[in-house]
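Beneath this line is the structure, given in structure tokens, with notes to follow.
The values are calculated or read from the model by the stated rules, or taken from the named source; none is laboratory data. Because the structure is predicted, anything quoted here is derived from the model rather than measured. With ideal geometry, Cβ positions are generated from the backbone for all residues, glycine too; neighbour counts draw on all protein chains shown. Surface areas here come from the heavy atoms of the whole protein model, side chains and all, with no ligands, DNA or RNA. Shrake-Rupley method; radii C 1.70, N 1.55, O 1.52, S 1.80 Å.
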Amino acid sequence: MQITGQCTSGGHINFKVTTPKGIKDITLNKSDFQIEPDEWETTLVIVLRNFVKESGLTNWTQIKTAIEGKVFKI
């Protein structure tokens, strides 16, 4: 990911992301980072998947042990 700019008020961030389908330009604003009450479960699943991937965990026992021993902030 590469940040390519932001608006003058600082409320938007523009960046490029490399995906399996190529490079995408994305713009996010501050409200995109707020979690709505009905999004908690989906957000938690995404956070946990990311943690598992970044940790290099490969089996269910490793995943369960690592998740039980970590505090996740959302």
When segment 24-53 is examined, which residues are found to be aromatic (F, W, Y) and in contact with a Lys or Arg (Cβ under 9 Å, 6 or more places away or on another chain)?
-> F51
Given the residues V71, V45, V17, which is the only one that is in a helix (DSSP H, G or I) and of a type in the set (A, V, I, L, M, F, W, C)?
-> V45
Residues of segment 38-63 that turn out to be open to solvent by less than 90 Å² (accessible area, probe 1.4 Å) and either in contact with a Ser or Thr (Cβ under 9 Å, 6 or more places away or on another chain) or more than 28 Å from G11 (Cα to Cα) (or both), as a count = 7
Within segment 1-14, the residues that are in a loop (DSSP other than H, G, I, E, B) and of a type in the set (S, T, N, Q) are T8, S9
Does S31 satisfy being among the polar types (S, T, N, Q) and either within 14 Å of the chain's Cα centre (by Cα) or in a helix (DSSP H, G or I) (or both)?
-> yes
Looking at (1) in contact (Cβ under 8 Å) with a residue 24 or more places away in the chain; (2) open to solvent by 100 Å² or more (accessible area, probe 1.4 Å), which is the only condition I35 fails?
-> (2)
Conditions (1) free of Cβ contacts under 8 Å to residues at least 12 places away in the same chain; (2) part of a strand (DSSP E or B); (3) within 13 Å of the chain's Cα centre (by Cα) -> E54 fails only (2)
Positions within segment 1-32 being open to solvent by 100 Å² or more (accessible area, probe 1.4 Å) and either among the acidic types (D, E) or in contact (Cβ under 8 Å) with a residue 60 or more places away in the chain (or both), in sequence order | D25
